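*Asks:* Mind looking over this structure? Questions follow.
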Amino acid sequence: MCASRESSPTAGPVRPDPLARPAAAVTVPGGLPLLGHLPAMLSRPLAFLDTLPAHGDPVRIRVGPRELYVVSGPESTHRVLTDRATFDRTGPLYGKIRAFLGNGLASCPHADHRRLRRIVQPAFRRALLPHYAAAMTAEIEQLAAHWRPGQTVDVTRQAFRLTTAVAVRTLFSSALDAPAAERLRDALDVLLRGLYLRVVLPGADLLPTRSRRTYRQALHAWHTGVAEIIADYRARGIDRGDVLSLLIAARDEDGQPLDERELADQVATLVLAGAETTSSALAWALRLVAEHPEVERKLHAELDALGAGTAAAGWDDLPQLPYAARVIDETLRLRPPAWAISRSTTRPTELGGVRLPAGALVVCCLYLLQRRPELFPDPTRFDPDRFAADAVPREAYLPFGAGATKCLGDRFGAVEATLALASIARRWRLRPATAAPVRPAPRLVLSPGPQPMLLTERVGAPAR
Ligand code: HEM
């Protein structure tokens, strides 16, 4: 069979008794004094997560001083993501995220959400996708132009370079020179690494360490860089046909534009929300394909049928790439970049038969949801064809979230990952360069961590 299996959850999920009165949440055993489950979350996060559904839905874990209620069932996940009066984007986690993103669309409380969503959404309407896809194809071509047969590349790093380049290009079009784009990308890299640490370790900023200094410098570089770009756009007053031009021109229901601060927050949000999610999906997909020869064979057969042409796939090729799209769909199921979505309760409530106090931190774990054995047969198997039969339960496949805050860039991200996977696999066969297993790094996004892979040019690959 084509697919290897990962470790399965240790026992089946616990289902609530609908007639029972709400009970206190079960605390997962094994927490240490003071640290709680933090060591397990940092050292073997996925193996630890796999043990949780056996204790209930939701279950309580402790991460340092914080208590978290982890949700992994379809009904409870749906409720948390759609009952916005009870589950809001407030609390200490979002406080940390806002230090970087400000009041961006992806991190603002629900009270501000409707207005911002109405303003930002038109920049992601379907009709603009071919335009953005052209930028993706151009960046994919540039990325792979430097690759050579026999070379080892860190695909996680390369994928991140690609998606930040696409984000910067579609947001700011040609307004940035290469060094300025590079500076923004470097700052972003530091911020993304530092943000997760600050979210799980509340004291991370108290000590005057080198990493605190680097983080603050990156934050400063990011804010000033983005402010300069916006000022430049305003000064020239031209529509460059990119996302920032659309945001500057947009008006809310009262006819008001976004102010300087709001604009900068949306820019930071779009780069953060779009870049590492999509790059992780791509990096995981490349790894999973390399580990599953039958999937690779089917993918190559589809790509070879595209015939000769330019190296990188483009918008017009997408109808001929259903299998590549399914590889991305299945990667997003097994390795959802947005592996955990958090909310805070605005009032005492009950969820899945469990009492939650006001102010409780609730984390919807899409990673666990999308590998529930009762919903996804043989859940740890990497099998893109499960999407061909339309047998995937839509209520439990939520890599882009659900409800009013559902991902705005879902098609953007899926198209980008599909085009990049197709373009790379069309020309290159990738193999892990070392026998070391992947060490997933759950930052804000579930990243595969560094992944050195060896490039071999495929016979009959399109000309460079
Ligand atoms: C494979 C790639 C991606 C994945 C897996 C992903 C996943 C998600 C998820 C799960 C949410 C919901 C978060 C919540 O409810 O709190 C979300 C929201 C969002 N995403 Fe994505 N995303 C991806 C790519 C992108 C891209 C490419 C963009 C933009 C260019 C983007 C922009 C956003 C924005 C703006 C939000 C906030 C929406 C709102 O609150 O109204 N995402 N994303």
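The values are calculated or read from the model by the stated rules, or taken from the named source; none is laboratory data. Just so you know, these numbers come straight off a predicted model, no measurement behind them. Positions of Cβ are generated from backbone atoms using ideal geometry, with glycine treated the same way; all protein chains shown enter the neighbour counts. All accessible areas refer to the heavy atoms of the entire protein, side chains included, with ligands and DNA or RNA removed. Shrake-Rupley method; radii C 1.70, N 1.55, O 1.52, S 1.80 Å.
*Asks:* Name the pairs whose Cβ atoms lie under 7 Å apart, with the first residue in the stretch 334-348 and farther than 30 Å from ASP383 by Cα and in contact (Cβ under 8 Å) with a residue 24 or more places away in the chain, the second within 9 Å of the ligand (Cβ to nearest atom) and open to solvent by less than 30 Å² (accessible area, probe 1.4 Å), and 6 or more positions between them or separate chains?
*Replies:* Every condition considered, the pairs that remain are ARG343/ARG89.
*Asks:* Every residue in the stretch 439-460 that is surrounded by 18 or more Cβ atoms within 10 Å (Cβ to Cβ) and more than 14 Å from the chain's Cα centre (by Cα), please.
*Replies:* Selection gives GLN451, MET453, LEU455.
*Asks:* Given the structure, is VAL70 modelled with pLDDT under 85 and touching a Pro at 6+ places or on another chain (Cβ under 8 Å)? I'd like the intermediate steps shown before the answer.
*Replies:* Working: modelled with pLDDT under 85: no; touching a Pro at 6+ places or on another chain (Cβ under 8 Å): yes.
No; evaluated as a whole, the condition is false for this residue.
*Asks:* Moving on to the next point. Of everything in the stretch 314-358 that's within 13 Å of the ligand (Cβ to nearest atom) and part of a loop (DSSP other than H, G, I, E, B), which residue is farthest from the chain's Cα centre (by Cα)?
*Replies:* My answer is ARG335.
*Asks:* If I ask for residues that are open to solvent by less than 10 Å² (accessible area, probe 1.4 Å) and over 17 Å from ARG333 (Cα atoms), which ones from the stretch 272-294 would you list?
*Replies:* ALA275 - this is the single residue of the stretch 272-294 that is open to solvent by less than 10 Å² (accessible area, probe 1.4 Å) and over 17 Å from ARG333 (Cα atoms).
*Asks:* Right, something else. Of all residues in the stretch 395-409, how many are within 6 Å of the ligand (Cβ to nearest atom), at positive phi and part of a helix (DSSP H, G or I)?
*Replies:* Final tally of qualifying residues: 0.
*Asks:* Being within 13 Å of SER342 (Cα to Cα) and more than 14 Å from the ligand (Cβ to nearest atom) is the filter; apply it to the stretch 88-102 and report the residue that is surrounded by the fewest Cβ atoms within 10 Å (Cβ to Cβ).
*Replies:* GLY95
*Asks:* Kindly indicate whether any position in the stretch 366-385 is within 11 Å of the ligand (Cβ to nearest atom), basic (Lys, Arg), open to solvent by less than 30 Å² (accessible area, probe 1.4 Å) and within 24 Å of MET41 (Cα to Cα).
*Replies:* Looking through the stretch 366-385, none of the residues is within 11 Å of the ligand (Cβ to nearest atom), basic (Lys, Arg), open to solvent by less than 30 Å² (accessible area, probe 1.4 Å) and within 24 Å of MET41 (Cα to Cα).
*Asks:* For ALA268, are the conditions met, namely being open to solvent by less than 70 Å² (accessible area, probe 1.4 Å), farther than 23 Å from GLY409 by Cα, of a type in the set (A, V, I, L, M, F, W, C) and not in a loop (DSSP other than H, G, I, E, B)?
*Replies:* On the way: open to solvent by less than 70 Å² (accessible area, probe 1.4 Å): yes; farther than 23 Å from GLY409 by Cα: no; of a type in the set (A, V, I, L, M, F, W, C): yes; not in a loop (DSSP other than H, G, I, E, B): yes.
No; evaluated as a whole, the condition is false for this residue.
*Asks:* When you look at ARG60, is it without any contact (Cβ under 8 Å) to a residue 40 or more places away in the chain and not in a helix (DSSP H, G or I), yes or no?
*Replies:* Numbers: without any contact (Cβ under 8 Å) to a residue 40 or more places away in the chain: yes; not in a helix (DSSP H, G or I): yes.
Answer is yes for this residue.
*Asks:* Please state which one of GLU291, GLU262 is within 14 Å of the ligand (Cβ to nearest atom), out of contact with any helix residue (DSSP H, G or I) (no Cβ under 7 Å at 6 or more places or on another chain) and acidic (Asp, Glu).
*Replies:* On the way: GLU291 fails: within 14 Å of the ligand (Cβ to nearest atom).
Sole residue among the options that is within 14 Å of the ligand (Cβ to nearest atom), out of contact with any helix residue (DSSP H, G or I) (no Cβ under 7 Å at 6 or more places or on another chain) and acidic (Asp, Glu): GLU262.
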